[in-house]
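Colleague: My questions all concern the structure below.
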Amino acid sequence: MLDLPPIPDFHERSWALFLDVDGTLLELAEHPDRVVVPEGLVSLLGRLKKSLDGALALVSGRSLASLQALLGETGLDAAGCHGAELRIAGTVKVLAAADTLIPRLAERLARSADAIPLAMVEVKTHSVAFHYRPPALDARQARRLAEQALAGDGGQFRLLEGKQVVEILPVGAGKGRAIACFLGHPPYAGRIPVFIGDDVTDEEGFHEVNRRDGLSIRVGADGETAARHRAPDVAAATAWLDRLVGAAATREIKRVTQ
């Protein structure tokens, strides 16, 4: 297994940091509403943003509204619904949407999943997440139900499978595209990207970062990945980020004293 990379050298290069949320910064829970935000996490994100001169963005499967409800008014840039929506410098952009069809897809899926124990349909701003738990449903069965819900609307959507979840997304959505969009705007433009995620849904982001010779880090030991590094768990990933802040602070001290 590949280890976490050394802390980037702030003296020689400029970096941009992209972070998944659930499973990366937060431990997963049985229900998305039951995750616990650790004390000090929001403060750490604020310090990271300052250290990187603002070049930090959350890249999440959650909607922007859900991220705000979870973390509060952080002022952080973010991509929601796996990159279907993006907020940069306070302005929201929709990168891929099929909003009028989302309620219909969710209703179809909910009818199919109604009698299945622990199955849940989560309606987001620009996507639908179908959460399931074995043994009541396995990955193959969950995908089939999602495909059936698409019916004649499949040309506008695609399926993205994650940890006990199948996401129905507009075809233009993706974390790789979201990261590329951020990197086309200040303060991200011209910087080397770092992306940390934990799931199959983050693989597109890893590919985009690898293509740009950045740092790709997958949290957890399970599953094949395009990421070039791994963190064993959420605690290790958070500790690495804390060291990143320390390295940036050391750079600032040297700047002042030189």
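The values are calculated or read from the model by the stated rules, or taken from the named source; none is laboratory data. No experiment lies behind these values; they were computed from the predicted model shown. Neighbour counts run over all protein chains shown; Cβ positions are idealised from the backbone, glycine included. Heavy atoms of the whole protein, side chains included, go into the accessibility calculation; ligands, DNA and RNA do not. Shrake-Rupley method; radii C 1.70, N 1.55, O 1.52, S 1.80 Å.
Colleague: Take the residues of the stretch 161-201 that are open to solvent by less than 20 Å² (accessible area, probe 1.4 Å), aliphatic (A, V, I, L, M) and in contact with a Leu (Cβ under 8 Å, 6 or more places away or on another chain): which is farthest from ALA110 (Cα to Cα)?
Modeller: Among residues in the stretch 161-201 that are open to solvent by less than 20 Å² (accessible area, probe 1.4 Å), aliphatic (A, V, I, L, M) and in contact with a Leu (Cβ under 8 Å, 6 or more places away or on another chain), the one farthest from ALA110 (Cα to Cα) is VAL194.
Colleague: Please specify each residue of the stretch 59-76 satisfying the condition of being over 12 Å from the mean Cα position of the chain (by Cα) and in contact (Cβ under 8 Å) with a residue 60 or more places away in the chain.
Modeller: ALA65
Colleague: Out of the residues in the stretch 89-112 that are under 16 Å from LEU137 (Cβ atoms) and in contact with a strand residue (DSSP E or B) (Cβ under 6 Å, 6 or more places away or on another chain), state the one that is least open to solvent (accessible area, probe 1.4 Å).
Modeller: LEU109
Colleague: Exactly one condition in (1) under 30 Å from LEU118 (Cα atoms); (2) without any contact (Cβ under 8 Å) to a residue 40 or more places away in the chain is not met by ASP213; state its number.
Modeller: Of (1) under 30 Å from LEU118 (Cα atoms); (2) without any contact (Cβ under 8 Å) to a residue 40 or more places away in the chain, only one is false for ASP213: (1).
Colleague: Can you name the residue in the stretch 204-250 that is acidic (Asp, Glu) and more than 13 Å from ILE7 (Cβ to Cβ) and, of all such residues, is least open to solvent (accessible area, probe 1.4 Å)?
Modeller: Our first condition is that a residue be acidic (Asp, Glu); within the stretch 204-250, this holds for 204, 208, 213, 222, 224, 233, 242.
The next check asks that each one be more than 13 Å from ILE7 (Cβ to Cβ); those that pass are 204, 208, 213, 222, 224, 233.
Numbers: GLU204: 66, GLU208: 25, ASP213: 113, ASP222: 80, GLU224: 174, ASP233: 70 Å².
For the stretch 204-250, the residue satisfying everything is GLU208.
Colleague: Now for a different question. Would you mind finding the one in SER14, SER51, SER43, SER66 that is hydroxyl-bearing (Ser, Thr, Tyr) and closer than 23 Å to VAL171 by Cα?
Modeller: Testing whether each residue is hydroxyl-bearing (Ser, Thr, Tyr) and closer than 23 Å to VAL171 by Cα leaves just SER66.
Colleague: To continue, here is another question. Out of (1) more than 16 Å from the chain's Cα centre (by Cα); (2) at pLDDT 90 or above, the odd one out for LEU101 is which?
Modeller: Every listed condition holds for LEU101 apart from (2).
Colleague: Might you check whether a residue that is farther than 18 Å from GLY61 by Cβ, of a type in the set (Phe, Trp, Tyr) and in contact (Cβ under 8 Å) with a residue 60 or more places away in the chain occurs anywhere in the stretch 191-201?
Modeller: Taking the stretch 191-201 as the starting set, the residues that turn out to be farther than 18 Å from GLY61 by Cβ are 191-194.
Right, trim to of a type in the set (Phe, Trp, Tyr) and you get none.
Checked against the condition, which is being farther than 18 Å from GLY61 by Cβ, of a type in the set (Phe, Trp, Tyr) and in contact (Cβ under 8 Å) with a residue 60 or more places away in the chain, the stretch 191-201 yields no hits at all.
Colleague: Still on this structure: With under 27 Å from PHE157 (Cβ atoms) and aliphatic (A, V, I, L, M) as the only criterion, which of ILE88, ILE7 stands out?
Modeller: From the options ILE88, ILE7, the qualifying one is ILE88.
Colleague: Here's another thing I want to ask about it. Please identify the pairs in which a residue from the stretch 34-58 that is among the β-branched types (Val, Ile, Thr) has its Cβ atom under 6 Å from the Cβ atom of a residue that is outside any loop (DSSP other than H, G, I, E, B), counting only partners at least 6 apart or on another chain.
Modeller: Qualifying pairs under 6 Å: VAL35/LEU26; VAL42/LEU71.
Colleague: Conditions first: (1) of a type in the set (Asp, Glu); (2) open to solvent by less than 40 Å² (accessible area, probe 1.4 Å); (3) at pLDDT below 95. ASP77 passes all but one, so which condition is the exception?
Modeller: Among (1) of a type in the set (Asp, Glu); (2) open to solvent by less than 40 Å² (accessible area, probe 1.4 Å); (3) at pLDDT below 95, ASP77 violates only (3).
Colleague: Are any residues in the stretch 102-126 within 22 Å of ALA84 (Cβ to Cβ), without any contact (Cβ under 8 Å) to a residue 60 or more places away in the chain and not hydrophobic (A, V, I, L, M, F, W, C), and if so, which ones?
Modeller: Across the stretch 102-126, the qualifying residues are PRO103, ARG104, GLU107, ARG108.
Colleague: Return the pair list, or none, for Cβ contacts closer than 9 Å from residues in the stretch 223-252 that are on the phi > 0 side of the Ramachandran plot and at pLDDT below 95 to residues that are assigned to a helix (DSSP H, G or I) and open to solvent by 50 Å² or more (accessible area, probe 1.4 Å), at least 6 apart or on different chains.
Modeller: As it stands, the answer is GLY223/VAL200, since those pairs meet every condition given.
Colleague: Somewhere in the stretch 57-73, is a residue crowded, with 16+ Cβ neighbours inside 10 Å, part of a strand (DSSP E or B) and basic (Lys, Arg)?
Modeller: Scanning the stretch 57-73 turns up no residue that is crowded, with 16+ Cβ neighbours inside 10 Å, part of a strand (DSSP E or B) and basic (Lys, Arg).
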